[in-house]
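Let me begin by presenting the structure, written as structure tokens, before commenting on it.
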Amino acid sequence: MDLFDIVGPVMVGPSSSHTAGAVRIGYVAGKLLGEDVRKANILLYGSFLATGNGHGTKKALAAGLLGMHPDDYRIAESLQIAESQGIEITFGEAKLEEAHPNTVVLQLWGITGKSIEVQASSIGGSRINIDKIDGISTNFSGDHPTLIVHNLDQPGHVSEVTSMLAHKGVNIATMQLYRSAKGQKAVMVLECDQNIPEDGISWLEHVEGVLKVTYFAGI
């Protein structure tokens, strides 16, 4: 246990879960999109939905999408700032089963038309978990450089990714593998100890059978 675990995060209140955690979720989701957000449809679930207004959850999520951090004094004005920048943000209710009570689904569109859907939860003390990306299960915090590779469920893709990382001198901290069904779509989630060079990510994007590569450099 360190001091952060005792006193909590440096943040604009009132809640580390509903405010600081929500800012972090918005920030990570925006970075996973990989470009400036043009439109966001934000669907709240559970406690986020029930008490989010009083705890500023909507403003916090919008602030994260704008690139703010939990200690940014502009969080309270984030919706107005987004509107002034021409960013369309709408809110609704997420229909989920057996999700964490502080869960949100962010459907994002970027300035070039790129899109992503991120389901994430705020699990306490400003800590978050990215639960799903584009409907496929994931499980990472955003604290470390993270590589997400969507690919066809075929032999060889795992070795191609790990070989590229070894060639670039990047050590893998954790690796998770998921697939929708045998022979269908799969996803790799690799949390790393070092940042991944852009040329390595670009190379992966052109590997046959790789459908999408998303990289987050960490908070």
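Some values worked out for this structure:
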{"read-out": "Whole-Hz couplings from phi, Karplus 6.51/-1.76/1.60, listed for the stretch 98-105; x for Gly and Pro", "value": "6, 9, 4, x, 9, 10, 9, 10"}
{"read-out": "Among Gly124, Gly156, Ile196 - extreme Cα towards positive end, dipole of the chain, charges at beta-carbon", "value": "Gly124"}
{"read-out": "Segment Gln85-Gln194, length gained on full extension (0.36 nm per residue, minus Cα span)", "value": "35.9 nm"}
{"read-out": "Peptides 30-36, 84-90 ordered by average Cβ neighbours within 10 Å, highest first", "value": "30-36, 84-90"}
{"read-out": "Cross-link pairs Lys59/Lys185; Lys132/Lys168; Lys31/Lys132; Lys132/Lys185; Lys31/Lys212 - those with Cα-Cα distance over 23 Å", "value": "Lys59/Lys185; Lys132/Lys168"}
{"read-out": "Accessible surface, 1.4 Å probe, highest first, among residues His18, His100, His167", "value": "His167, His100, His18"}
{"read-out": "Global form of the stretch 96-204, assessed from the alpha-carbon gyration tensor, a/c cut-off 1.5", "value": "prolate"}
{"read-out": "Residue-averaged [θ]222 nm for the chain, counting only DSSP H segments that reach four residues, each worth -39500 (n - 2.57)", "value": "-8000 deg cm²/dmol"}
{"read-out": "Carbon/sulfur fraction of accessible area - the stretch 68-178, other protein chains in place, 1.4 Å, %", "value": "49"}
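The values are calculated or read from the model by the stated rules, or taken from the named source; none is laboratory data. Only a predicted model underlies this, so the values are computations on that prediction, with no experimental measurement involved. Methodologically, a virtual Cβ is constructed for each residue, glycine included, from the backbone with ideal geometry; neighbour enumeration extends over all protein chains shown. Note: accessible area is taken over every heavy atom of the protein model, side chains too, but ligands, DNA and RNA are not part of it. Shrake-Rupley method; radii C 1.70, N 1.55, O 1.52, S 1.80 Å.
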